[in-house]
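Written out below as structure tokens is the structure these notes cover.
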Amino acid sequence: MEIYADNGATTRLSRTAYDAMLPFFGADFGNPSSIHSFGVKASEALSGARRTIAGCLGAGEDEIYFTSGGSESITQAIMSAAEYGTGLGKRHIVTSPIEHHAVLNTLERLKKQGFEITKLPVGTRGIVDPESVRNALRDDTALVSVMFANNEIGTVQPVREIGRICAEHGVLFHTDAVQAAGHIEIDLEDLRADYLSASAHKFHGPKGAGILFARRNTPLTEIIFGGPQERGARAGTENVPAVVGCAAALREACSNMEKNVRAVTALREKLIDGLLDIPGAVLNGDRQKRLPGNANVSFPGISGESLAILLDLKGIKVSTGSACNSVSTEPSYVLTAIGRSVDEALGSLRITLDETNTDEDADQIIRAVREAVIKLR
Ligand SMILES: *Cc1c(COP(=O)(O)O)cnc(C)c1O
């Protein structure tokens, strides 16, 4: 029996999304830009997907853009705000030290181009204090970028409060909602974000499909040049099957959200309790303000990587820190930012559940981790 508990890295494609995509790999292969009926069919599928996604997020259809994934959406949002800021002589950006590399490395590039980047502290709980955002704002601040929820320790940020502070000061606000979309509620009628990024493969949609929300009248510049697709904001023939799968997956996730949040949170609590019973174990990230499925626990003195490998041999798929960092043996920058020692950071295990995981899965994971920890000690 294999247990998949690495949903922070990617999720299984839902049957609904798969079924929705199939025709577009077959008979409905038209290019949405073609004027004949095949093109019209593809174009209508795109509009339908845009309508569905806008509905799930509380956005307007004209505020949703399709990209190749979370990384592209994030890059475009940040680059758009940076270009706009440059035109106004504003070259300061506020962010957190626990952002995904898509944010951090885009900001690194901007730093080389003369931008000044302020990274706010996140404390031991891994949460940005909205007041620290207010205090960091300057006359030349072009953008605030703070993630909705963290991919490693699962902490959910006070984006509602941060958005309000940015709006009060007339500063653009971007939030990387890749881990949040489809998992916890996002309502863009209430959330004062100018840009929001999401990615289909994190909510049971296909890989290679991203959503970029850019609020009406918010600056948006293309980072991929060519044809007039996506109303001139993103060139290239649209990935119709992926976009259709993305919309089907998000609709399904949103209509089951309450039920899923309840079930997955209960399972996570059971898992965290069981893991913290293992001597030496410490929880990473705030216990309450975290994603329903995220459990991140450190076992100081033990290699998290060895733990994950032992668990894999027992059919349990988990990760250490984030998937993007799994090739490096450096301690996680997220765990370092919340004050974990090198020893604690290197002994971390990230277990990310979804609604298909069962009570027995949690029992089995707890038992397997306990055995593996004893073995490695
Ligand atoms: C996965 C992830 C991304 C990148 O999304 P891709 O679609 O894989 O490019 C960005 N931010 C967060 C928080 C993520 O978890």
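Structure notes:
- The residue list PRO300, PRO292 contains one member that is modelled with pLDDT of 95 or more and surrounded by fewer than 17 Cβ atoms within 10 Å (Cβ to Cβ), which is PRO300.
- Scope region 198-246; condition away from the ligand (no atom under 16 Å from the Cβ), touching a Lys or Arg at 6+ places or on another chain (Cβ under 7 Å) and outside any loop (DSSP other than H, G, I, E, B); matching residues: none
- Of the helices (runs of 4 or more DSSP H) contained entirely in region 39-147, those carrying at least 3 residues that are under 30 Å from GLY285 (Cα atoms), within 15 Å of the ligand (Cβ to nearest atom) and at pLDDT 95 or above fall at 70-87, 101-112.
- Test result for VAL334, in contact with an Asp or Glu (Cβ under 6 Å, 6 or more places away or on another chain), surrounded by 14 or more Cβ atoms within 10 Å (Cβ to Cβ) and closer than 20 Å to PHE148 by Cβ: yes
- Residue check, SER145 without any contact (Cβ under 8 Å) to a residue 24 or more places away in the chain and either closer than 27 Å to SER348 by Cβ or surrounded by 15 or more Cβ atoms within 10 Å (Cβ to Cβ) (or both): no
- Of all the listed residues (THR320, THR265), the sole one being under 20 Å from THR11 (Cβ atoms), hydroxyl-bearing (Ser, Thr, Tyr) and crowded, with 22+ Cβ neighbours inside 10 Å is THR320.
- Residues that are within 16 Å of the ligand (Cβ to nearest atom) and assigned to a loop (DSSP other than H, G, I, E, B) were ranked within region 6-38; the one that is surrounded by the most Cβ atoms within 10 Å (Cβ to Cβ) is GLY8.
- LEU104 being touching a helix residue (DSSP H, G or I) at 6+ places or on another chain (Cβ under 7 Å) and outside the structural domain of SER332 (by TED's automatic domain parsing): no
The values are calculated or read from the model by the stated rules, or taken from the named source; none is laboratory data. Just so you know, these numbers come straight off a predicted model, no measurement behind them. When we count neighbours, we look across all protein chains shown, and the Cβ atoms used for this are built from the backbone with ideal geometry, even at glycine.
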